[in-house]
Amino acid sequence: MASTVMISKGIKPTARSLSHQLQQSRTILGMSKAIDKRLYRMAKGVMPAISATEQTALGCGTIGFDRDIFGGSPSLKKLVDTYHPKVTPEEQDFIDNKVDKLCALLNDHDVSMKKDFSKEAWDYMRDERFFGLKVPKQWGGLGFSTQAVSLILSKLATHCFDANATVAVPNSLGPGELLARYGTPEQQEYFLPRLADGTLIPCFGLTGPHSGSDATSLIGSDCVVEERNGELGVVASFKKRYITLAPVAGVVGLGLNLSDPKGLLGGKGNEGFTVALLERNHPGLRMGPRHMPLNAAFMNGTVEGEDVWIPMSKILGGQERCGYGWHMFVECLAEGRGVSLPAGSVGAGRGVVAGVGAYSRIRKQFRVPIAEFGGIQEALVNAGSDGLICIAGTDLMNAIVDNHEAPMVISSVMKQNCTERGRRIVEKGMDIAAGSAICRGDKNYIGNAYMSLPIAITVEGANIMTRSFQIIGQGLTRCHPHMLELIQCLQAPPEEEKKAVETFTKQFYKVVGHGLTNFGQSLSRGIGSTISTTFRSKNAYKDGDKLVDYHEKQLLRLSANFALTADLCFTLGGRLKFEELLMGRLSDALGAIFLGYATLHHYERRKGVKGLEALAEHAMLRLETEAQDALKAASDNFPGPLGPIASTVMKMGCFPLGNLTRPYSNPSDILTKELARQLTNPSELRSFFEENVYIAPEGSMNQVADLIRALPVCVEADKIASTLRREKRQPTTDEADKMAKADALRDMLIQVDVFDALTAEEAQPGYVRPALEGTEERLAGLERKEFA
């Protein structure tokens, strides 16, 4: 620099001055490299070593829109242009006819009491390929899209959750798709046609007593490579539980932890997570005993064996796929977690809004439909709002999977968020339907769903673990623009330190730059969104274009806030994996942001449904408030030695003016009342929720169908009664007939089931209940036996 100045002034630098400048440059460069190396070693010291399993997981699945959120600037246009959930005419015909026929064969109450389907129902599911929805057509399956499978599962959930679970497993975590992708030609030729036509019902054995949500640890599921009679194979011992369909499965995909202490694999295949395919009659395999998950009837039980010999021909994919189970499992888990389980919540949302919404208008208390009560309105509209969020998220997730992506982070968000919202939806429905919802029988259309949704909360990674560990743990490593490269260079061996330091320095400064960018965007977008929210009209949502434009800007602001917070997580180093309270809050924020984009994506595709703007507005206001509150809680409780500094930076970037820059709040009572009116009266918005709900033919015993059909009759009768009061006159014959018909329907639809006997013992001739038997004994000893 000094030599340049000397030249500019016409002073010729001497050799000595040039040497001095060169020495200074070398000194500065050397100091810089020394600092970089010191930073690298400090970071390496706080970053724990990544296990082989974790390293494998980092390479599994795909990233996409989740990375855009972590980047701070996702694009709604990209979503709308890229993802188009749709079904073919063949798939729609199956949904309209085959699924309806299956529902007609199932009485939900009978299924729950008998804890099984009829032989006719099992045969129908087999004959119509319900267990081969995803098996390619070349192997005799239906080869349906993810969207079609999701719609099938959600429609089944509106009628019978046990049917939903039974059909879901073979089409998500069953070995069928794994075979289609990874099986040897011999395995494919044998198993896939049998899976397609239901000859062999599949299950997947992963979870054990000591490996629940940490299923891939495979504790207690070990196998050792051995050679017997010139044939290579493994000897396995395993104890699996919670395995859906195991009691009736003809083949199980078994997750095992393979070891090869003698080196018999010879470089063909590796140690680690391996999947074996065992048929039910395999020597030493025990399947049959059942669990009883709450009151559910779907088959669930154990898979066990000790010292079971498994030849290499029964390893999924053959010997070369030994140790490859993680890749198989993770890719299919995206579909099980992100598609099958959320489909149940979609069914709950549609069924509750359609059925309970009609019930609340039909049911009267104090001579007024309970739909007019504020508490009922609030519960129903929240259920409808959560229903829309689940529908929107599920449609988008289905389109992502059909686009040949396997997004692990988004699938975890969908599983945790949608199953939790599904539980809330059913809880709201129970609160509204009250006594009619707790008395079991043919007329109860919600009780079994209420007992089934908590099961979805626990399976395929319990929601507590998914929320407080998995989503952000995976998200920061896989989806952050620079984190993966940073982590990988910190795992380098000492002999590669020089190259690792260079990579670390480059990525470190990228992280710093990314954080500064997100800080600036958080600041500017936060102030802008505060101003636009403050001056926004309460009725602005009625213009669909303005609705989308406003909420997209709010999601951009929240995405920048989230991305800044993710950058600040680097201050925790390896401690982050133990800060589960922080990760849980960030999971809430990420989930709300993703589902917000999904809701806008859904609106852009379905706009034109009258009333959808109001429901989308309600959902978006709730999601934005959820994200804002989660980020606020994170900033108030940021952990670690640098927590106070990170908290201050986060608050300055996300909420620079304090409460003024936290502008989001839950929907107004006016909006809630308007939506309640639409959801409890015949409307396009009600029809939107009735889509893909099983409606039994007239004359069949189906409470939801009866409620839906009765609603317009009862609404018309109420209008007549209101007119008569206003005009102070008597009804005409036609009006009287309509009112009488409505009264008869009301009386029928508010009834609940009653049983002379609830158990086989009670039904025995001469049976006396123990309490009554005791009463008779006590009365026998009294002189006066009754009041007279």
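Some notes on this structure:
- Here the chain is assigned +1 on the Cβ of each Lys and Arg and -1 on the Cβ of each Asp and Glu. Its dipole about the Cα centre then comes out at about 3320 debye.
- Computed over region 553-609, the ratio Rg/Rh where both radii use C-alpha atoms and Rh is Kirkwood: 1.15
- Dipole magnitude of region 253-395, debye to nearest 20 (Cβ charges: Lys/Arg +1, Asp/Glu -1, about Cα centre): 620 debye
- The share of C-alpha pairs in region 271-316 whose separation exceeds 18 Å stands at 42 percent.
- Rounded to the nearest 10 degrees, the inclination of helix 146-157 to the longest alpha-carbon principal axis of the chain is 40 degrees.
- Note on region 470-582: with charges restricted to the Cβ of Lys and Arg (+1) and Asp and Glu (-1), its dipole about the Cα centre is near 460 debye.
- The Cα center of region 408-451 and the Cα center of region 549-564 differ in position by 31 Å.
- Rounded to whole Å, sorted largest first: equivalent-ellipsoid semi-axes of region 406-482, Cα gyration tensor: 34, 10, 9
- Derived value for region 318-449: Kirkwood hydrodynamic radius 16.3 Å. Basis is the mean of 1/r over every pair of different alpha-carbon atoms.
- Rg and Dmax of region 464-614, Cα atoms only, in Å: 19.3, 66
- Kirkwood-Stokes translational diffusion coefficient of region 171-280, alpha-carbon pairs, 20 °C, 1.002 mPa s, µm²/s: 145 µm²/s
- Estimated [θ] at 222 nm from DSSP helical runs (n ≥ 4, -39500 (n - 2.57)) normalised by residues in the chain, nearest 500: -18500 deg cm²/dmol
- Packing rank of 568-576, 190-198, 617-625, where each peptide gets the mean count of other beta carbons within 10 Å, highest leading: 617-625, 190-198, 568-576
- Portion, in percent, of the accessible area of region 99-252 that falls on carbon or sulfur, probe 1.4 Å: 47 percent
- Histogram of C-alpha separations across region 248-352, 5 Å bin width, %: 2, 10, 16, 17, 18, 15, 10, 6, 4, 2, 1, 0
- Accessible surface of Asp636 - all protein chains present, 1.4 Å probe, nearest 10 Å²: 70 Å²
- Per residue, the accessible area of the chain comes to 44 Å² when a 1.4 Å probe rolls over the protein heavy atoms.
- Remark: for residue pairs Lys134/Lys155; Lys428/Lys738; Lys415/Lys510; Lys101/Lys155; Lys137/Lys314, the C-alpha separation exceeds 21 Å in Lys428/Lys738; Lys415/Lys510; Lys137/Lys314.
- Binned Cα-Cα distance frequencies in region 71-204 - 10 Å width, integer %: 12, 39, 29, 15, 5, 0
- Beyond 18 Å, the tail of the calculated P(r) for region 671-727 holds 47 percent of the Cα pairs.
- Sequence-distant lysines (8 or more away, or on other chains) whose Cα lies within less than 19 Å of Lys651: Lys632
- For Lys77, the lysines whose Cα comes closer than 24 Å to its Cα, not counting residues fewer than 8 places off in the same chain, are Lys86, Lys542, Lys546, Lys553, Lys607, Lys610.
- Projecting label points 7 angstrom from Cα along Cα→Cβ for Lys785 and Arg726 puts them 6.4 nm apart.
- Kirkwood estimate for region 699-747, i.e. one over the average of 1/r between Cα atoms, Å: 11.5 Å
- When every Cα-Cα distance of region 691-788 is counted in 5 angstrom steps from zero, the calculated P(r) takes the values 2, 10, 12, 11, 9, 9, 8, 8, 7, 8, 9, 5, 2, 0 percent.
- Each principal axis of the Cα cloud of region 620-727 was evaluated for its coordinate range; sorted largest first, these ranges are 68, 39, 18 Å.
- Of Ser700, Ala717, Ser687, farthest towards positive along the dipole that unit charges on Lys, Arg, Asp, Glu beta carbons give region 687-743: Ala717
- Of the two radii for region 311-371, the radius of gyration is 1.51 times the Kirkwood radius, both from the alpha carbons; that is the Rg over Rh value.
- Overall dimensions of the chain as given by Cα atoms, namely Rg and Dmax in Å: 31.1, 132
- Each principal axis of the Cα atoms in region 508-584 has its own extent, and those three values, largest first, are 48, 27, 18 angstrom.
The values are calculated or read from the model by the stated rules, or taken from the named source; none is laboratory data. It should be emphasised that the depicted structure is a prediction, and the values quoted were computed from it without experimental measurement. Heads up, the Cβs are rebuilt from the backbone with ideal geometry, glycines too, and the neighbour counts pull from every protein chain shown. For the accessible areas, the whole protein counts, side chains as well, though only heavy atoms, and no ligand, DNA or RNA atoms are used. Shrake-Rupley method; radii C 1.70, N 1.55, O 1.52, S 1.80 Å.
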